[in-house]
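> The structure is given below, and queries will be raised subsequently.
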Amino acid sequence: MRNIITMLAAAGVACTLATHALAAAPEEDKEAFQTYFKARFPNVPEQEFANGAYAIDPIGRENWEAIEEFPPYETAIDNGHEMWDTPFANGKTYKDCFPDGPAIENRYPHWDKERGMVVTLALAINECREANGEKPLKYRKGPIADLLAYMAYESRGQVIDVVIPEDDPRAMEAYEKGKQIWFARRGQFNFSCASCHAANSGTTLRTEILSPALGHTSHFPVYRSKWGEMGTLDRRFAGCFKQVRAKPYAPQSEEYRDLAYFLTYMSNGLELNGPGARK
Amino acid sequence: MTIRRFAAGALTAVMLVALPMTATWAAHRTEAEAAIATAKAANEKAAAAGIDTTETAGMIEQAESLLPTKHYTKAIEIANQAQKEDEFALSQASGAAEGEVAGEIANEDTPEKVKAEETIAAAESARKKAASVGGEWRDTGTMIKSAEAAMKTGEYAKALELATKAKHQGELGYAQAMAEADADFPSYMKPKQ
């Protein structure tokens, strides 16, 4: 009996230590990730990484600051605000799904223990719509980008704080899957996200400066001059995949939600500053 | 008048005349309408010969639907493909009608045709295998569709070439995804110990 108790106690201690070791891995990853970019760009203050290439390109920054005086995403914010206030056909509004109001971006993405999946704000919006008898919005652009722009604007200044709960190993699996997607080479060009946004961040690809990955998710959705309109993180993921001649995953697929989970975690500590304007 | 001004003027005049005559110029609505009309004529002829033209009729409708949005180049591409498919189907059916021997030759599964069909099937299998591990490349599916379209117009050599490339891409995509299954922080991002 004494031996059984001793063995159970030892097993309990081992499990606790293992859990802490596993939980330490994302923190260590984040430290390594942020340290890498801070060393690569030593003159960039930490929060400035949320401004992407404009933190390291003085000419681009001058143009960007001029654009920000009359931001091209203003219309999207207004449209999003109107969407927020407009009741569904059943009389309810988005506030019934999000009672704390639109300033909730820092709660996403998060791990949903009940459903065993990563939930992004875009997914939550469409789940709200479907729960209230409305059709879901397309994820890459259009009205969802407007509503996300409004919520991002209201959430400006909140600190990114993605949590990987220690009491659910599936959350760690989702994080690890997102990490694998980010570092895996893919497509006919055999590039990973890291190829451009880590190893070659700050260098030039054709005419564009490759932005460092630290702060990548802080400012979405974005008005991109290339698109001539707003686009979401899903749209950018798909664009990057196509550029390396890989087939994109479906918007809000498990793969892209896990990728957003990992990538946003890597920017923990930075302030949200969406919506953004980019080339 | 200086030589430079004369040259500039002459060049401008030449371009104003020559460019519209070449493929450099964007497709015009009249060209798209002409392509659709030709496709419709081929479609009617094929239908009159008892050929099932549902698919090509749908393609012609799709081409027509692109006119209001001024996608004339795409409309021409689709109409031309529909026309080629109907003409090929008609030639196959005519070959069968002309006599037993002629019909056998026309409808024979030539080695080239069989090879192309087999390679398309293999390419699709390779594409699905790559997709199953998240390794599908961007253009593989499009290449397979183009190969299938070439089969419908009797362009078996072209179909084989496309299917061979697509199969290769599928195999490479699978191998790539498997090799990257454990992708993680590279050494240059890890803290020095």
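This table checks each residue for (1) more than 17 Å from the chain's Cα centre (by Cα); (2) surrounded by 14 or more Cβ atoms within 10 Å (Cβ to Cβ); (3) free of Cβ contacts under 8 Å to residues at least 24 places away in the same chain.
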| position | (1), (2), (3) |
| --- | --- |
| B:Ala10 | yes, no, yes |
| B:Met15 | yes, no, yes |
| B:Glu33 | yes, yes, no |
| B:Ala47 | yes, yes, yes |
| B:Asp52 | yes, no, yes |
| B:Glu61 | yes, no, yes |
| B:Tyr72 | no, yes, no |
| B:Glu77 | no, yes, yes |
| B:Glu85 | no, yes, no |
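> For the structure I just gave you, tell me whether B:Ala89 is modelled with pLDDT of 95 or more and either under 18 Å from the mean Cα position of the chain (by Cα) or crowded, with 20+ Cβ neighbours inside 10 Å (or both).
Taking the combined requirement at face value, the residue does not satisfy it.
> Consider region A:118-135. How many of its residues are assigned to a helix (DSSP H, G or I) and under 13 Å from the mean Cα position of the chain (by Cα)?
Final tally of qualifying residues: 3.
> May I ask you to verify whether B:Thr119 is without any contact (Cβ under 8 Å) to a residue 40 or more places away in the chain and either among the charged types (D, E, K, R) or outside the structural domain of B:Leu90 (by TED's automatic domain parsing) (or both)?
Here the answer is no, as B:Thr119 does not meet what is asked.
> Could I ask something else about it? When residues of region A:42-60 are filtered for being part of a helix (DSSP H, G or I) and surrounded by fewer than 16 Cβ atoms within 10 Å (Cβ to Cβ), how many remain?
Taking region A:42-60 as the starting set, the residues that turn out to be part of a helix (DSSP H, G or I) are A:46-55, A:58-60.
Restricting the remaining residues to those that are surrounded by fewer than 16 Cβ atoms within 10 Å (Cβ to Cβ) gives A:46-47, A:58-59.
Result for region A:42-60: 4.
> Would you confirm, using the coordinates I've provided, whether A:Ala25 is within 14 Å of chain B (Cβ to nearest Cβ), part of a helix (DSSP H, G or I), at pLDDT below 95 and within 23 Å of the chain's Cα centre (by Cα)?
Working: within 14 Å of chain B (Cβ to nearest Cβ): yes; part of a helix (DSSP H, G or I): yes; at pLDDT below 95: yes; within 23 Å of the chain's Cα centre (by Cα): yes.
For A:Ala25, the condition - within 14 Å of chain B (Cβ to nearest Cβ), part of a helix (DSSP H, G or I), at pLDDT below 95 and within 23 Å of the chain's Cα centre (by Cα) - is met.
> Next question. Look at region B:172-187 and say how many of its residues are outside any loop (DSSP other than H, G, I, E, B) and more than 7 Å from chain A (Cβ to nearest Cβ).
8
Residue-by-condition table, conditions (1) under 29 Å from A:Phe183 (Cα atoms); (2) within 13 Å of the chain's Cα centre (by Cα); (3) outside the structural domain of B:Ile51 (by TED's automatic domain parsing); (4) of a type in the set (Gly, Ala, Ser):
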{"position": "B:Ser125", "(1), (2), (3), (4)": "yes, no, yes, yes"}
{"position": "B:Lys129", "(1), (2), (3), (4)": "yes, no, yes, no"}
{"position": "B:Gly135", "(1), (2), (3), (4)": "yes, no, yes, yes"}
{"position": "B:Gly141", "(1), (2), (3), (4)": "yes, yes, yes, yes"}
{"position": "B:Ala147", "(1), (2), (3), (4)": "no, yes, yes, yes"}
{"position": "B:Thr153", "(1), (2), (3), (4)": "no, yes, yes, no"}
{"position": "B:Ala157", "(1), (2), (3), (4)": "no, no, yes, yes"}
{"position": "B:Thr164", "(1), (2), (3), (4)": "no, no, yes, no"}
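> Continuing with this model, one more query. So, in region A:213-247, of the ones that are more than 14 Å from every other protein chain (Cβ to nearest Cβ) and of a type in the set (Lys, Arg), which residue ends up surrounded by the most Cβ atoms within 10 Å (Cβ to Cβ)?
Residues of region A:213-247 that are more than 14 Å from every other protein chain (Cβ to nearest Cβ), as a first pass: A:215-236.
Remaining after also requiring of a type in the set (Lys, Arg): A:224, A:226, A:235-236.
Details: A:Arg224: 20, A:Lys226: 10, A:Arg235: 23, A:Arg236: 19.
Among residues in region A:213-247 that are more than 14 Å from every other protein chain (Cβ to nearest Cβ) and of a type in the set (Lys, Arg), the one surrounded by the most Cβ atoms within 10 Å (Cβ to Cβ) is A:Arg235.
> Tell me which of these A:Arg224 doesn't satisfy, since it passes every other one: (1) touching a residue at least 40 places away in the same chain (Cβ under 8 Å); (2) under 18 Å from A:Ile181 (Cα atoms).
(2)
> Can you spot a residue in region B:153-167 that is within 10 Å of chain A (Cβ to nearest Cβ), at pLDDT 95 or above and buried (at least 18 other Cβ atoms within 10 Å of the Cβ)?
no
> Still on this structure: Within region A:170-197, can you find the residues that are closer than 12 Å to A:Leu259 by Cα, out of contact with any Asp or Glu (no Cβ under 8 Å at 6 or more places or on another chain) and away from chain B (no Cβ under 11 Å)?
Listed by number, the list holds a single entry, A:Glu173.
> Of all residues in region B:135-152, which are facing another protein chain (nearest Cβ under 10 Å) and buried (at least 21 other Cβ atoms within 10 Å of the Cβ)?
Of everything in region B:135-152, those that are facing another protein chain (nearest Cβ under 10 Å) and buried (at least 21 other Cβ atoms within 10 Å of the Cβ) turn out to be B:Gly135, B:Glu136, B:Trp137, B:Thr140.
The values are calculated or read from the model by the stated rules, or taken from the named source; none is laboratory data. Bear in mind that the values here come from a model prediction, so they are computed numbers and not experimental data. Glycine gets a Cβ as well: all are built from the backbone with ideal geometry, and neighbour counts include every protein chain shown.
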